[in-house]
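S.K.: Let me begin by handing over the structure; questions about it come next.
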Amino acid sequence: MANAKAMGASVIRAWAFLAVEDFRPGRVAFQYFENGRIQVNDGPDGLHRLDALIQAAEDLQLRLILPLMNYWGDFGGAPAYVKWLAPGASPVSEFYRCPAVRSAYRDWVRAILTRRNTVTGRLYADEPAIMAWELMNEARCERELLIEWVGEMAAFAKGLDSNHLLGLGDEAAGAMEVPEIDFGTFHFYPEAWGKHPSFGKRWIRKHRRVAAALSKPVIFEEFGTKENRDYWYGQWMNEIRESRTAGALVWMLGHNARDTSGYVDDYVIY
């Protein structure tokens, strides 16, 4: 975080989720499954770490975007919820459909948005270092069901915390018309999507037009390419500035320190 600040960053997006399968004392986890229920780990190796992250951001005068769930199985995510609460239901779309899973998601949102920080003493809803919550990283589902889910969960989240911005956290600004969604997001990984990196400029302009039509800001909140990064990132950043898109967050900044080197992929910038 200090390196990011020194490089000129103003906002960091970091996970507010971490569900593990086999919980044991000393293992870091925010949630785990035990006795037929999803449990919240409110301890030094649990949410105290999120408390510390928020304090660190404030000390560095950074702001945080905090997604509350992951579509993917990394760090638990929707697949863990479905496995635990809807056994035998293999599609991740059951995350959005199953009543037990939806209830558990609301419980998690409530636990986080009403939490009192053990370091700062403030409610999360009052933390100045938090810029925004996101309902889910890279949410994917059939559109009708997704919009219905976003409508319910966005209203629920805003009822708990009206002080902070709320986004979905999706890849293509697909839920900006929901009134409680304050800003749109879009991602871009040309190799994974079968696109040429030059498509990125059109992708940025498209989402800027959609956002402008809805009078909402939109951010390019994840992007990465494996080849010729300096050139293409420069091209995309110029388009961000020229189109007056609200911001951009590269995926992802890494470090070789022991406690941060465990999660890497092909897009890490060291």
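The values are calculated or read from the model by the stated rules, or taken from the named source; none is laboratory data. What you see is a predicted model; the values in this text were computed from it and never measured. Positions of Cβ are backbone-derived with ideal geometry, glycine not excepted, and every protein chain shown enters the neighbour counts.
S.K.: What residue, among those in region 134-164 that are farther than 16 Å from PHE186 by Cβ and in contact with a strand residue (DSSP E or B) (Cβ under 8 Å, 6 or more places away or on another chain), is surrounded by the fewest Cβ atoms within 10 Å (Cβ to Cβ)? Step through it out loud before you land on a result.
M.R.: Just the residues of region 134-164 that are farther than 16 Å from PHE186 by Cβ, to begin with: 141-142, 144-145, 147-149, 151-164.
When the remaining residues are screened for being in contact with a strand residue (DSSP E or B) (Cβ under 8 Å, 6 or more places away or on another chain), the result is 154, 157-158, 161, 164.
Values: ALA154: 21, ALA157: 23, LYS158: 18, ASP161: 20, HIS164: 22.
Among those that are farther than 16 Å from PHE186 by Cβ and in contact with a strand residue (DSSP E or B) (Cβ under 8 Å, 6 or more places away or on another chain), it is LYS158.
S.K.: Can you confirm whether region 21-44 contains a residue that is part of a helix (DSSP H, G or I) and touching a residue at least 60 places away in the same chain (Cβ under 8 Å)?
M.R.: Start the filter on region 21-44 by keeping residues that are part of a helix (DSSP H, G or I), which leaves none.
No, every residue in region 21-44 fails to be part of a helix (DSSP H, G or I) and touching a residue at least 60 places away in the same chain (Cβ under 8 Å).
S.K.: A further question on this structure: Cβ-Cβ below 7 Å, separation at least six or inter-chain, first residue in region 79-101 and of a type in the set (Asp, Glu), second outside any helix (DSSP H, G or I): which pairs?
M.R.: GLU94/ALA86
S.K.: Can you name the residue in region 199-216 that is in contact (Cβ under 8 Å) with a residue 12 or more places away in the chain and surrounded by fewer than 19 Cβ atoms within 10 Å (Cβ to Cβ) and, of all such residues, is nearest to ALA14 (Cα to Cα)? Quick ask: steps written out before the conclusion?
M.R.: First pass over region 199-216, keeping only residues in contact (Cβ under 8 Å) with a residue 12 or more places away in the chain: 200-201, 203-205, 207-208, 210-211, 214, 216.
From the residues that got through so far, the ones that are surrounded by fewer than 19 Cβ atoms within 10 Å (Cβ to Cβ) too are 201, 205, 210, 214, 216.
Values: LYS201: 26, ARG205: 26, VAL210: 26, LEU214: 27, LYS216: 22 Å.
So, considering only residues that are in contact (Cβ under 8 Å) with a residue 12 or more places away in the chain and surrounded by fewer than 19 Cβ atoms within 10 Å (Cβ to Cβ), the one nearest to ALA14 (Cα to Cα) is LYS216.
S.K.: Can you tell me which residue within region 86-124, out of those that are of a type in the set (A, V, I, L, M) and under 20 Å from ALA157 (Cβ atoms), is surrounded by the fewest Cβ atoms within 10 Å (Cβ to Cβ)? Don't jump to the end; show me each part of the working.
M.R.: So the first thing to find is which residues in region 86-124 are of a type in the set (A, V, I, L, M), and the list is 86, 89, 92, 100-101, 104, 109, 111-113, 119, 123.
From what is left, the residues that are under 20 Å from ALA157 (Cβ atoms) are 100-101, 104, 109, 111-113, 123.
Values: ALA100: 13, VAL101: 20, ALA104: 18, VAL109: 21, ALA111: 16, ILE112: 22, LEU113: 22, LEU123: 15.
Selected residue: ALA100.
S.K.: How about region 175-198: which of its residues are surrounded by 14 or more Cβ atoms within 10 Å (Cβ to Cβ) and among the aliphatic types (A, V, I, L, M)? It would help to see each step written out before you state the result.
M.R.: Going residue by residue through region 175-198, those that are surrounded by 14 or more Cβ atoms within 10 Å (Cβ to Cβ) are 175-178, 180-191, 195, 197.
Scanning region 175-198 gives ALA175, MET176, VAL178, ILE181.
S.K.: With the requirement that a residue be more than 17 Å from the chain's Cα centre (by Cα) and either of a type in the set (A, V, I, L, M) or closer than 22 Å to TRP203 by Cα (or both), what does region 248-263 give you?
M.R.: ALA257
S.K.: For ASP170, state whether it is touching a strand residue (DSSP E or B) at 6+ places or on another chain (Cβ under 7 Å) and not hydrophobic (A, V, I, L, M, F, W, C). Spell out how you get there, then give the answer.
M.R.: Values: touching a strand residue (DSSP E or B) at 6+ places or on another chain (Cβ under 7 Å): yes; not hydrophobic (A, V, I, L, M, F, W, C): yes.
In short, yes.
S.K.: Hey, another quick one. Would you tally the residues in region 111-166 being part of a loop (DSSP other than H, G, I, E, B) and either touching a residue at least 60 places away in the same chain (Cβ under 8 Å) or not assigned by TED's automatic domain parsing to the domain that holds PHE75 (or both)?
M.R.: 13
S.K.: Continuing with this model, one more query. Criterion first (assigned by TED's automatic domain parsing to the domain that holds ASP126 and of a type in the set (Val, Ile, Thr)) does VAL250 satisfy it? Walk me through how you get there before you give the answer.
M.R.: Values: assigned by TED's automatic domain parsing to the domain that holds ASP126: no; of a type in the set (Val, Ile, Thr): yes.
Here the answer is no, as VAL250 does not meet what is asked.
S.K.: Give region 217-246 a look and list any residue that's of a type in the set (S, T, N, Q) and exposed (fewer than 14 other Cβ atoms within 10 Å of the Cβ), or say none. Break it down stepwise before answering.
M.R.: Here is the first cut: in region 217-246, the ones of a type in the set (S, T, N, Q) are 225, 228, 235, 238, 243, 245.
If the condition is that a residue be of a type in the set (S, T, N, Q) and exposed (fewer than 14 other Cβ atoms within 10 Å of the Cβ), then ASN228, ASN238 are the ones that fit.
S.K.: Could you check region 1-20 and list, in sequence order, the residues that are in a strand (DSSP E or B) and either without any contact (Cβ under 8 Å) to a residue 24 or more places away in the chain or over 21 Å from HIS255 (Cβ atoms) (or both)?
M.R.: Narrowing region 1-20 to residues in a strand (DSSP E or B): 11-13, 19-20.
Hits for region 1-20 are ALA19, VAL20.
S.K.: Considering only region 1-57, state which residues are of a type in the set (Asp, Glu) and either crowded, with 19+ Cβ neighbours inside 10 Å or within 21 Å of GLY167 (Cα to Cα) (or both). It would help to see each step written out before you state the result.
M.R.: Pass one, region 1-57, residues of a type in the set (Asp, Glu): 21-22, 34, 42, 45, 51.
Answer for region 1-57, where residues must be of a type in the set (Asp, Glu) and either crowded, with 19+ Cβ neighbours inside 10 Å or within 21 Å of GLY167 (Cα to Cα) (or both): just ASP51.
S.K.: Please work out if GLU127 is crowded, with 16+ Cβ neighbours inside 10 Å, among the acidic types (Asp, Glu), at pLDDT 95 or above and more than 17 Å from the chain's Cα centre (by Cα).
M.R.: Details: crowded, with 16+ Cβ neighbours inside 10 Å: yes; among the acidic types (Asp, Glu): yes; at pLDDT 95 or above: yes; more than 17 Å from the chain's Cα centre (by Cα): yes.
Spelling it out, GLU127 is indeed crowded, with 16+ Cβ neighbours inside 10 Å, among the acidic types (Asp, Glu), at pLDDT 95 or above and more than 17 Å from the chain's Cα centre (by Cα).
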